[in-house]
4 protein chains.
Amino acid sequence: MNNLSFESQKTMDFIALGRLAIDLNANEINKPMEETMTFTKYLGGSPANIAVGMSKLGMKTGFIGRVADDQMGRFIASYLDKTGIDSSNVVIDKSGSKTGLAFTEIKSPTDCSILMYRDNVADLKLEPKDIKEEYIKGAKALLISGTALSKSPSREATFVALDYARKHNLVIFFDIDYRPYTWVSEEETAVYYNLAAEKCDVIIGTREEFDMMEALTNPGNSDDYVTANKWFDYNAKIVVIKHGKDGSIAYNKEGETFKGTIFPAKVVKTFGAGDSYASAFIYGLMQGWDIDKAMEFGSASASIVISSHSCSDAMPTAEQIKLYIEKSR
Amino acid sequence: MNNLSFESQKTMDFIALGRLAIDLNANEINKPMEETMTFTKYLGGSPANIAVGMSKLGMKTGFIGRVADDQMGRFIASYLDKTGIDSSNVVIDKSGSKTGLAFTEIKSPTDCSILMYRDNVADLKLEPKDIKEEYIKGAKALLISGTALSKSPSREATFVALDYARKHNLVIFFDIDYRPYTWVSEEETAVYYNLAAEKCDVIIGTREEFDMMEALTNPGNSDDYVTANKWFDYNAKIVVIKHGKDGSIAYNKEGETFKGTIFPAKVVKTFGAGDSYASAFIYGLMQGWDIDKAMEFGSASASIVISSHSCSDAMPTAEQIKLYIEKSR
Amino acid sequence: MNNLSFESQKTMDFIALGRLAIDLNANEINKPMEETMTFTKYLGGSPANIAVGMSKLGMKTGFIGRVADDQMGRFIASYLDKTGIDSSNVVIDKSGSKTGLAFTEIKSPTDCSILMYRDNVADLKLEPKDIKEEYIKGAKALLISGTALSKSPSREATFVALDYARKHNLVIFFDIDYRPYTWVSEEETAVYYNLAAEKCDVIIGTREEFDMMEALTNPGNSDDYVTANKWFDYNAKIVVIKHGKDGSIAYNKEGETFKGTIFPAKVVKTFGAGDSYASAFIYGLMQGWDIDKAMEFGSASASIVISSHSCSDAMPTAEQIKLYIEKSR
Amino acid sequence: MNNLSFESQKTMDFIALGRLAIDLNANEINKPMEETMTFTKYLGGSPANIAVGMSKLGMKTGFIGRVADDQMGRFIASYLDKTGIDSSNVVIDKSGSKTGLAFTEIKSPTDCSILMYRDNVADLKLEPKDIKEEYIKGAKALLISGTALSKSPSREATFVALDYARKHNLVIFFDIDYRPYTWVSEEETAVYYNLAAEKCDVIIGTREEFDMMEALTNPGNSDDYVTANKWFDYNAKIVVIKHGKDGSIAYNKEGETFKGTIFPAKVVKTFGAGDSYASAFIYGLMQGWDIDKAMEFGSASASIVISSHSCSDAMPTAEQIKLYIEKSR
């Protein structure tokens, strides 16, 4: 059992909002991208990956976002459909925007980087009018990704979604997902991350992401407990702070602390760890599991994904995660 | 007595944040501006006028803002000094910005308009780093003007100021002051006005301004009581809704309602009515007066200013307002 | 007699293209603008002043430009009409642009400066489609002002006008009129000034302006003869290089050199000297006068204008200039 | 023999200026890109392809351009080096720009399209100061690509290069290469294409491209002879107008007309036809061949490239082209 309460009469389990993008993964790995000659195309973007994860875990999942009016955008919409994700609230952007691209470079399992194409991207063209109150009202939970806050009008659209979600008692998950590009300054980032976090029930981020949020109001703090507690004065019920390979720590409003499990993994690349963790963790919480059990489920899912070549395509089913946990014991 | 509590041990009474501009008032009035040949220069900008009003009323007043690095900017800084307003937190903007201009046209007492020069204005260049926590900490009250929210980085700077003000128990006044230019859309405006209003103790605006704020979340509402009540769920203690020449209505968190007094006036122009009202009303509240007495003081001040040619220069002293009220009885 | 040939059968003498703006001249002179309290409004902008000068000298004059859709724009259109300048090709810009402003500061006769408002100005919104081939075809001469080249779409509109003017045998005057603001870099400026100058018959500028044009292709040159000669390889027939109070020097394609006369003047301010010089000089050339006689006429006109408070309003008639010259002998 | 004269004492044969980009060619052809899962990376960009063609034909070739400071930029620089193209004047852009991308879609041999990523591209960041007079001075010929004119500062850099090239007697080739994206309007395009064409010796474009250039000054003209003749009044010596599969027609200043040969080809895709034509045609002219022989060489080269999967990689050697022509007889 946990301290979140989902409105069980609703038919849609989970809506993710934000980035829908394309990953172009180097086929020839363990070398610099300069020498890579071919790439394979996947759905990408943190909230997109999480939505795929949730759908694979059997949750009725929807998405709010914008895609470009081109072949990449059509690929994304069709991929969502095939994965069973409701794309009725995915808008085709007609402004001449482009789908965001992420060329991944895997020099070694621990030396991975991304070459981003994020100029004039479709996902940041999301407008307040794209946010339908009825759609949000019909769901149990909403996930927003921090990148959706990085630019107008997507920034304002996200705040509108938060408003509707609070009004209709959705449980709101905030995946900080801080990517410096597209943000103008750290101060700007901190301001909007804080305004959004005030309205969320569950906040998930790395220690570095929380540091950035505290840069103006509590500079120099590195005490996870202090960080988490601030948000319990607003609407938060659970705060998860991730410490990379040292694992995660979760706090709840009731004052309890939970340490995450770490699973061994044959790492191919580090991409996708956070997204697979988030989807399985949220899935666990939506099953009413204890926080530590949900964290274990998240960790196991992350271990599975980092052992494979893609992010979205590799998202496991609940069965696969359970098996993985059993085998690891 | 009212429901606000000011920290009396602090030395600075009041800080205004936002627009510092120039009014160029047509000397030849009651004709279209096309035929106006000479203009007189005054300090302008809603929070600037309110600060002048507060200083004339004897309050120790400071300002947070940016001015252009030119003759207009130097005039403003020097005018603040002469009026006894602390300008230590008024930053000279070196980015090549310009001081905002407002050419006023007075065709008749009831047909007034403004020709605004607001491209690349200095006041909207205010940055988060311009906001000094110590300066805000030392004051009893902060006024923010809605126009400061209209563009980055001034928008983020305003939210930083709100954060510091809440942290240090200032009473926060929010003068909605909605001016469509510089805003991209009504949705954008509504989002930021709402985010700011959530953090304020006293919210002052016209019925039209509150309508704009409710455009997304409560469209079609025209019930002042409903409007006001929303904000008492956040931090508000008093909400004032202005109905033009039909007077104002104020609500407090305790559920009381107050109707404003209306004074007769020989109207020269309508400019400056809101700013003179705000300064005298806030002054009254800071004296610990009942809300209706503060509203009467505000109305009297407004009547004095609309009978004269300028806004800032015409701001009355407490003595002048008292005299005016007595004479009007 | 000079080396220019005007098509005498045409009815319109002269068309100026470019900036239409407002001068706001400080009424209290010989002090810094910070202390100036009132301003008087005049038509301004270099090609506007030249057009006024030409019209006062009795030439049938037209204008191609854009004005803002506001009181300032309407004042300009009405001023042109009153001065007898054809404004049928002055377009009202509906994009929300503003009329350029120039606040003049006269600290002393030799210490004058201008505070410019040039963000989002109407005159630089001139579009290629605003340029009517028939209108240009009907005129004997076209003047373009360098500032019109400083930004798109006015830049392209100017090149279209140059094309039509060459096609229909107008004599093209190029007033370099270099103002650093609105230009991105010196390199950008040099490129477009050179491309335009290649197409002009008479080029008029200061030594500093020609230096800027040679920054890329002949850096360090200060030899007026070399400077002038370059343009005779293109379409130029006369090049005038101004050396401030040391007077001007003119070269013609035939290899002759002409030194300008200098008249004594009771200087009030230096603004407007160039524009009044240009209009009277061009007037002289259009009368078929020798180059040196036209230069003398220009110098006399400049002396008259710098002795008065305004630029456009002070433009003299031919009678006044002749009288001035006679009195000065 | 032809009417161009190359300065034989110079060591560099040919410099191309402009776009250096990446082609991402769908591996699974004859289907829409939505269904394409893998892509192969090639050097792309019209002047880049032409430079590769020239180098393969044995000409000492250099390049002036900018590449992004990332893996794509490093791939391009290294590809130029491997192909024997001098990259000493290829600047690494540090502004955060991206390498342009072209995803090619081959639905059928006659239904090919390109999905372009051209926001914030490195090649259009070329600056006037990147153009080294000495480098240009040392070459026999310069090719500029119209796309380099589409935006500042690349536009101004191109005009600076044209200036130096004329000054030092290079033969200037202008490949119109009109791509509507990145241009603001047809009028803007026409203005700069005309200003550039005035300074070029050989102008190569499709009938549609010449129509666009005549949109303002000679609308409705479709007479190739009239089109070509205009440019002989400036600096042009040869004008080539391409009519797609109907072949090309060339005019020279001496009044002669030349019809191009058409070779049969097993078309895989149409991309690269123009670039391979241009390189082999220019090669022929630089050998001093008659214009019609050079045109035949160009056509043969185009036929070879459209029968293969890539553009740059497929550029043929002189030997291959000669063999191809012989076999086709």
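The values are calculated or read from the model by the stated rules, or taken from the named source; none is laboratory data. Keep in mind that this is a model prediction, so the values were computed, not measured. For neighbour counting, all protein chains shown are included, and Cβ atoms are generated from backbone atoms with ideal geometry for every residue, glycine included. Remember, those area values only see protein heavy atoms, side chains included, never the ligands or the DNA or RNA. Shrake-Rupley method; radii C 1.70, N 1.55, O 1.52, S 1.80 Å.
Laid out as a table, the results:
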item	result
Surface accessible to a 1.4 Å probe, per residue, for the residues of the range B:215-283, Å²	47 Å²
Sparsely packed trypsin sites (Lys or Arg not before Pro) within the range B:120-157, loop by DSSP, other Cβ within 10 Å at most 16	B:K132
The range C:68-111 shape via C-alpha gyration tensor axes, a/c threshold 1.5	oblate
Greater than 23 Å apart at Cα, pairs in A:K167/B:K129; C:K230/D:K167; A:K107/A:K322; A:K60/A:K125	A:K167/B:K129; A:K107/A:K322; A:K60/A:K125
Unit Cα scatterers, Debye sum, the range D:1-115: log10 I(q)/I(0) for q = 0.11 Å⁻¹	-0.45
Cα-based shape type of chain D, given that a ≥ b ≥ c are square roots of the gyration tensor eigenvalues and the cut on a/c is 1.5	rounded
Counted charge near D:F174, where neighbours are those whose Cβ lies closer than 13 Å (Asp, Glu -1; Lys, Arg +1)	-2
Carbon and sulfur %, accessible surface of the protein assembly as shown computed with the full protein complex present, 1.4 Å	50 percent
Mean separation of Cα contacts under 8 Å, 6 or more apart, over the residue count of the range A:11-117: relative contact order %	33 percent
Kirkwood Rh and Cα Rg combined as Rg/Rh, the range D:142-200	0.95
Peptide C:115-124, shielding by other chains (average Cβ, 10 Å cutoff)	3
Point-to-point label distance, B:N30-B:N218, nm (Cα→Cβ direction, 7 Å offset)	4.4 nm
P(r), alpha carbons of the range A:264-307 - 5 Å bins starting at zero, rounded %	6, 31, 28, 17, 12, 5, 1
Candidates C:E296, C:E214, C:E319: whichever shows maximal mean-square fluctuation once chain C is modelled as a Gaussian network with Cα springs under 10 Å	C:E319
Global geometry of the range D:132-287, whether rounded, prolate or oblate, following the gyration tensor of its Cα atoms and the 1.5 cut on a/c	rounded
Calculated label separations, A:I92, copies of the chain, 7 Å along the beta-carbon direction, nm	4.0, 4.2, 5.6
Partner aspartates and glutamates for A:K151 [C-alpha distance under 15 Å; skip if fewer than 8 residues away on the same chain]	A:D119, A:D123, A:E127, A:D177, A:E186, A:E187, A:E188, B:E156, B:E187, B:E188
Label-reachable residues, the range B:39-53, where backbone N falls under 15 Å from a point 7 Å from B:D81's Cα toward its Cβ	none
Interface size C-D, as summed buried accessible area [1.4 Å probe, Å², nearest 100]	1600 Å²
Chain C: DSSP helices with Cα axial extent of at least 18 Å and average Kyte-Doolittle hydropathy no lower than 0.5	C:273-286, C:291-306
Pseudo-label separations to other copies for D:M37 - Cα-to-Cβ vector, 7 Å, nm	2.0, 8.1, 8.2
DSSP-defined antiparallel bridges as percent of all bridges, the range A:125-254, nearest 5	30 percent
Among D:G255, D:G146, D:G205, residue whose mean-square fluctuation peaks in a GNM of chain D (springs only between Cα atoms under 10 Å)	D:G255
Surface accessible to a 1.4 Å probe, per residue, for the residues of the range C:1-85, Å²	31 Å²
DSSP bridge pairs, the range A:49-150: antiparallel proportion in percent, nearest 5	50 percent
The range D:159-178-the range D:303-329 distance, computed between alpha-carbon centres (Å)	28 Å
Choice from C:G298, C:G138, C:G18 showing the highest fluctuation, given a GNM over chain C with Cα pairs closer than 10 Å	C:G138
Nearest-to-axis residue of chain C, judged by beta-carbon position, where the axis maps C onto A, in Å	C:S95, 9
Surface/4 of the Cα convex hull for the range B:30-93, nm²	5.6 nm²
Separation between Cα centres of the range C:196-246 and the range A:97-145, rounded to whole Å	55 Å
Inter-label distance, nm, simple model (7 Å from Cα along the C-beta direction), C:E256/D:K327	7.2 nm
Across the identical copies, how the A:T217 labels are spaced - nm, sorted shortest first, 7 Å along Cα→Cβ	1.7, 6.0, 6.3
For the protein assembly as shown, alpha-carbon Rg and Dmax in angstrom	35.3, 111
Separation of the C:K107 and C:Q320 label points, Cα + 7 Å toward Cβ, nm	2.9 nm
Of all DSSP beta bridges in chain D, antiparallel share, percent nearest 5	40 percent
Mean separation of Cα contacts under 8 Å (6+ apart) over length of chain D, as relative contact order %	18 percent
Cα-only radius of gyration and Dmax that characterise the range A:217-310, units Å	14.1, 41
